[in-house]
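Written below as structure tokens is the structure these notes are about.
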Amino acid sequence: PPAPPAGNDHNTPNGAQATAYHALALADYTWNTGDTAPLHDLSAPECQWCAQTTTDTTTTYTTGGWAANAWHTNTNPTTTTPNTTTTTPNTTYTTTLTTTQRTPDIYQPGHFQRFTYIEKATFEITVRWDGNRWLLAELVPLHASGADPSDPDASRPATSHSGAPRSAPSPTSPRSAP
């Protein structure tokens with residue numbers, strides 16, 4: 001599995017940003033192997049995306065399926081900012097990342113779903129300091145190429161992976177387009 005990034009155990013903006021990058025590597029690893037332990041170990045209890053990814057991956061693999069070829073590349077930060085709504089300073093940071101991602105091939109007994117497309121995407125990744133290390137608090141897509149331009153809700157994340165489980169491999173929110 002991908003090792004936690006250098007700085008994950010330092011309460012600094014750089015440590016927060018490194019952990020945000022690491023979230024995408026964990027998404028790919030989780031889907032490509034079915035091993036949810038590393039994602040679970042770095043997930044804060046409030047991370048809905050983490051829980052959904054773990055559920056979707058576990059369901060895929062325990063029902064005889066598997067996934068392959070999910071990846072992210074050319075990942076770059078656009079911002080890393082402290083979350084000012086928390087009462088304790090420097091405990092929650094949000095990083096916005098742009099990346100190129102490939103959706104996974106999903107194999108189910110009697111069915112094969114080849115990847116949908118390769119796309120550029122933007123994610124907002126929130127990490128929380130637990131006193132010892134950064135944990136993933138939430139991961140939300142802000143935009144993915146191929147979004148439906150006719151969607152009247154401009155704030156709705158683009159559909160990232162049609163036909164794949166909701167979390168594969170990129171994060172989705174409950175507001176994701178069908």
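The values are calculated or read from the model by the stated rules, or taken from the named source; none is laboratory data. It should be emphasised that the depicted structure is a prediction, and the values quoted were computed from it without experimental measurement. Virtual Cβ from ideal backbone geometry, glycine too; neighbours counted across all protein chains shown. Side chains included, ligands, DNA and RNA excluded: accessible areas come from the protein's heavy atoms. Shrake-Rupley method; radii C 1.70, N 1.55, O 1.52, S 1.80 Å.
Quick notes on this one:
- Computed over protein heavy atoms with a 1.4 Å probe, the carbon and sulfur contribution to the accessible area of the range 1-60 reaches 57%.
- Here the spin labels are modelled as points 7 Å beyond Cα on the Cα-Cβ line, and at THR55 and ASN83 they lie 2.0 nm apart.
- Rounded, prolate or oblate (a/c below 1.5 giving rounded, otherwise prolate when a/b exceeds b/c) for the range 21-60 by Cα gyration tensor: oblate
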